[in-house]
1. Search the range 3-23 for residues being touching a residue at least 12 places away in the same chain (Cβ under 8 Å) and small (Gly, Ala, Ser), and hand back the single one that is most open to solvent (accessible area, probe 1.4 Å).
2. Would you confirm whether any residue within the range 8-15 is over 15 Å from the mean Cα position of the chain (by Cα), within 21 Å of Cys111 (Cβ to Cβ) and not hydrophobic (A, V, I, L, M, F, W, C)?
3. Please find, among Glu64, Glu69, Glu107, Glu75, the residue that is touching a helix residue (DSSP H, G or I) at 6+ places or on another chain (Cβ under 6 Å) and either of a type outside the set (Asp, Glu) or in contact (Cβ under 8 Å) with a residue 12 or more places away in the chain (or both).
4. Yes or no: Lys26 over 29 Å from Tyr101 (Cβ atoms), surrounded by 14 or more Cβ atoms within 10 Å (Cβ to Cβ) and more than 15 Å from the chain's Cα centre (by Cα)?
5. Does Lys102 fit the bill of being at pLDDT 95 or above and charged (D, E, K, R)?
6. Would you tally the residues in the range 26-55 being among the small types (Gly, Ala, Ser), closer than 16 Å to Gly114 by Cα and at pLDDT below 95?
7. Within the range 45-65, does at least one residue satisfy the condition of being within 23 Å of Pro80 (Cα to Cα) and open to solvent by 60 Å² or more (accessible area, probe 1.4 Å)?
Amino acid sequence: MSMKITQIKGKKLKAEYDGVTVISGKETKDSEYTGFSPGKLMVAGLGLCTGMHAVSYLTKHKIEYSDLELELTTEGAGNPARYAVFNMGISVKADLSEEHYKGLVEECHRCFVGNTMTHQPEIKINVKTD
């Protein structure tokens, strides 16, 4: 995958991939964010990915459900600044057996974003100048 990130103005940036654009950041320290901050985008990515896995599990097992919601809270840490804990609550109106409850939790742990976060990826940075 290759995603392009470009500066719009100040700290406001846009990400482009496969015809879709996301704008994040803010022009100055005192201006409002446009969309989610990069950290909030990361939390949203985790929640969206986990939610997709929950839907896949419920659908695959033909479990009737409604009102699927995920609520994420975070706990921060410093030095370096980061999120140290992601607390995720999943609520769904469904009659889940103990087996399906465990299966749903296991499936949610298969989220690509979550797996990437829990298996510390290597981040390589190469700066090019003209």
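1. Looking at the filtered set, the residue picked out is Gly10.
2. no
3. On the way: Glu64 fails: touching a helix residue (DSSP H, G or I) at 6+ places or on another chain (Cβ under 6 Å); Glu69 fails: touching a helix residue (DSSP H, G or I) at 6+ places or on another chain (Cβ under 6 Å); Glu75 fails: touching a helix residue (DSSP H, G or I) at 6+ places or on another chain (Cβ under 6 Å).
Only one candidate passes the filter, namely Glu107.
4. yes
5. Numbers: at pLDDT 95 or above: yes; charged (D, E, K, R): yes.
It is true that Lys102 is at pLDDT 95 or above and charged (D, E, K, R).
6. 1
7. No, that holds for no residue.
To keep it simple, each residue is scored yes or no on (1) surrounded by 12 or more Cβ atoms within 10 Å (Cβ to Cβ); (2) assigned to a loop (DSSP other than H, G, I, E, B); (3) small (Gly, Ala, Ser).
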{"position": "Pro80", "(1), (2), (3)": "no, yes, no"}
{"position": "Asn87", "(1), (2), (3)": "no, no, no"}
{"position": "Glu106", "(1), (2), (3)": "no, no, no"}
{"position": "Arg110", "(1), (2), (3)": "yes, yes, no"}
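The values are calculated or read from the model by the stated rules, or taken from the named source; none is laboratory data. Worth saying up front: this structure is predicted, and the values here are computed from it rather than measured. A quick note on method: Cβ atoms are made from the backbone with ideal geometry, for glycine too, and the neighbour counts reach across all protein chains shown. Ligands, DNA and RNA are excluded from the accessible area calculation, which covers all protein heavy atoms including side chains. Shrake-Rupley method; radii C 1.70, N 1.55, O 1.52, S 1.80 Å.
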